[in-house]
Structures are given as C-alpha cells and as structure tokens.
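Presented below is the structure to which this report refers.
The values are calculated or read from the model by the stated rules, or taken from the named source; none is laboratory data. In this text the structure is predicted, and so the values were computed from the model without any measurement. Positions of Cβ are backbone-derived with ideal geometry, glycine not excepted, and every protein chain shown enters the neighbour counts.
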C-alpha cells in the first residue's frame, strides 16, 4: 500500500505555461513529476492545489502524490536531492505525510493571492509586478473591495467557457496597501475561479482611475457577465502566497 504526501513548493511562473500538464508545453507539474520520478525511482503523478495560469507565480503551492511505503519524511537529504534536479526557478520547501484521502485541491480551506503594481519603473521587478503610471485613488479601490463581501457569485470575473460547475466563492479578505513603490492587493477566499483575481484587479484599477464608481462596480458583479468587468491585468504581477489546510489531515 502506498503512502500519500503533500509536497510544498514555490516557483516563478515566467518560463512556464502554468502549473497543469499540457501537451507540448513546459509546465511546473511536468518538471516536478520528472524530478520526483528520478529521485524516488518510481513513476510519480501529482495533483496540484489548483492551476495557476501561464506566467503566474507561487510563493506557496502544494501538490499531493502517492509513493511506496518507506517514510520519505525521514530522509533528511530528500529535499536537497529534489532541488538539485529542479531548475533554479522552482524550489521544494517541504514534505508532509497525510491521510490517504487528503487532497491538495479539495482539502484546502482557503487560498490567498497577492497582486503587485509597481508605481516606478524598476528593471528588477519587471517579471514580478505590473508597472502602472498615473494618479490612482487607493481609498476608492479599498471602498470597492468591501462590496465584494456582499456577493458570492463572481461570474463577471470568471474566464468564459472555463467549464467550472459553479461560480460561487466566499471572499474572506480583500484590500490594497502601499508598500514603498508598490501597491499590493491581497485577496483570500475559499476558492477562486479561473482569471478571477486578475479580472477583479483590473476592474478595481478602473475605479482607482475614476472610470467606474461604486454603483457601477456593484452592478458589474450583479450582472454576472464577464464582458461588463474590466480588462484582466498581466499575469506577471500575480502570486499565490498561501493555502490553508485543516491540521487533522496531516500525520
């Protein structure tokens, strides 16, 4: 009987077509599975906590896999060996044994994303933030964030024809803060739709520039129509930063 593990990793998504396996494309999942299969000496298949899109980054990501009975967590050199096989833009940070039915995707209680907007041209953050010029009203954007808590159907911010069974999500936190030359948007929810965070950010930016007001933002959400919302912002500024799991699934 095999043992199930949660593996934790971080990656820069610039060079990848997202997390999920795709034919004729380099993805994080493909690179990780190749490394695990070589190091563990058996074919390993993983299931990720979600599918980050092309160019999106993850400071914190989780996947699960099943492996032969030996307790991998006792192997002190395993993470070092895995990281030696992985490219410099992917790093494995931890491994934990879990219950046989634990699932990296469906066992998650919440996920948290951050989006970074640079207010000054900076070559060192070009691949990890979106440079945006002009005066912007941060207070108005935060006021609009409070409207998100009144809704659970976010069809207006979902990628069209994504195939999801439901567009219902519960948002626990959403807000902007200014950190140096960066505007940082943080959002936490029980689940996210495809393209949801980038579409929300794009619409909030329109509010910040005075192109939309609060009533219009409320109507956009209520319309459940992606064509009504703002343009999706570039993927390069988006980071998955946390995934919360119930402690009882860990052994």
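Yes/no per residue for (1) within 20 Å of residue 126 (Cα to Cα); (2) in contact (Cβ under 8 Å) with a residue 60 or more places away in the chain:
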residue: 169; (1), (2): no, no
residue: 185; (1), (2): yes, yes
residue: 204; (1), (2): no, yes
residue: 210; (1), (2): no, yes
residue: 217; (1), (2): no, yes
residue: 236; (1), (2): yes, yes
residue: 239; (1), (2): yes, yes
residue: 244; (1), (2): no, yes
Check: Based on what the data block shows, is residue 138 in contact (Cβ under 8 Å) with a residue 24 or more places away in the chain, touching a helix residue (DSSP H, G or I) at 6+ places or on another chain (Cβ under 8 Å) and over 30 Å from residue 245 (Cα atoms)?
Finding: yes
Over the range 194-224, the set of residues within 14 Å of residue 151 (Cα to Cα) and part of a loop (DSSP other than H, G, I, E, B) is 224
Screening 225, 190 for residues that are touching a residue at least 24 places away in the same chain (Cβ under 8 Å), loosely packed, with under 15 Cβ neighbours inside 10 Å and more than 20 Å from residue 136 (Cα to Cα) leaves only 225
Check: Can we say residue 146 is in a helix (DSSP H, G or I) and under 23 Å from the mean Cα position of the chain (by Cα)?
Finding: yes
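Would you mention how many residues in the range 114-125 are in contact (Cβ under 8 Å) with a residue 60 or more places away in the chain and either in the same structural domain as residue 13 (by TED's automatic domain parsing) or farther than 19 Å from residue 243 by Cα (or both)?
Number of matching residues: 4.
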- Query: Just to be sure, is residue 184 closer than 20 Å to residue 242 by Cα and either exposed (fewer than 13 other Cβ atoms within 10 Å of the Cβ) or outside the structural domain of residue 223 (by TED's automatic domain parsing) (or both)?
  - Reply: no
**Prompt:** Scanning for something in a loop (DSSP other than H, G, I, E, B), touching a strand residue (DSSP E or B) at 6+ places or on another chain (Cβ under 9 Å) and loosely packed, with under 15 Cβ neighbours inside 10 Å, does the range 1-20 turn up at least one residue?
**Reply:** yes
Residue 184 passes all but one of the listed conditions (1) modelled with pLDDT of 95 or more; (2) within 12 Å of residue 229 (Cα to Cα); the exception is number (2)
